[in-house]
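Data block below; observations after.
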Amino acid sequence: MDGTVLIVEDEPDIQKLIAVNLQHAGYRALRAASVPEAEALMRGALPNLVLLDWILPEILGVTFAKRLRNDQRTMDIPIIMLTARVCESDRVAALEAGVDDYVTKPFSPRELLARIKAVMRRCAPQRTDDIIEIGGLKVDPAVRRVTCDGHDIELGDIEFRLLHFFMTHPERIYSRAQLLDEAWGDQVFVEERTVDVHIRRLRQALAPVGREKLIDTVRGMGYRFHRSLN
């Protein structure tokens, strides 16, 4: 579950170096040499993280970062800025533009991968392979296993994605549309009521271990996952 990283970098050698190291680490790497190329790729499907060079042809990376943050479709995508700029004012400008981390050139691939993992864990915990446990439920994304009190719980693919997302975002209310984007992908067009069917299946799978009430229906708003049954 490492995910997809979009590299927006106009220097071919750096772009290739980053892509190769990402692929070796288990990520899917998409490559763009400019903002228009990046936007074209993102119209097809959204990446899980953007590596963004500051100096790009036509449109600066910091300008693109602001554009991503102001678009509801892309506002939550983690962004790491790559740049040779080391001044404090530049770092502040990048952070104010909405980037989540700032890596100065030259950098080691090992450090960059560590930064990516840290940002993904902080900004998009559902994209990591970290084991998570709430209310006696334990999810291990690396092996797609769900257990509770020593018992295995069999889930379908969509139900597993929903549960993992809920458990990495407890106590927040999510609409059906938001859950569709997370479990099905933002480019998959299905009825919002389809979410209700899969929530019902997920509750049925959790019922034998008494955890179905962790998923709460919030009338007129959507669904919420509680940290405990109390």
V119 vs (1) closer than 22 Å to A183 by Cα; (2) in a loop (DSSP other than H, G, I, E, B): all pass except (2)
Mind listing whichever residues of the range 5-30 are buried (at least 19 other Cβ atoms within 10 Å of the Cβ), out of contact with any Leu (no Cβ under 6 Å at 6 or more places or on another chain) and not in a helix (DSSP H, G or I)? E9, Y27
Out of M75, M81, which single residue is touching a Phe, Trp or Tyr at 6+ places or on another chain (Cβ under 8 Å) and over 30 Å from R203 (Cα atoms)? M81
F165 versus (1) touching a helix residue (DSSP H, G or I) at 6+ places or on another chain (Cβ under 6 Å); (2) touching a residue at least 40 places away in the same chain (Cβ under 8 Å): which is the lone unmet condition? (2)
Any residue in the range 51-67 that is over 27 Å from T168 (Cβ atoms), of a type in the set (V, I, T) and assigned to a loop (DSSP other than H, G, I, E, B)? yes
Of the conditions (1) at pLDDT 90 or above; (2) within 22 Å of Q72 (Cα to Cα); (3) surrounded by fewer than 17 Cβ atoms within 10 Å (Cβ to Cβ), the single one that Q187 does not satisfy is (1)
Checked L206, L202 against criteria (of a type outside the set (D, E), in contact with a helix residue (DSSP H, G or I) (Cβ under 6 Å, 6 or more places away or on another chain), modelled with pLDDT of 90 or more and farther than 27 Å from A45 by Cα); the one match is L206
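The values are calculated or read from the model by the stated rules, or taken from the named source; none is laboratory data. Since the structure is predicted, the reported quantities are computational estimates derived from the model, not experimental observations. Positions of Cβ are backbone-derived with ideal geometry, glycine not excepted, and every protein chain shown enters the neighbour counts.
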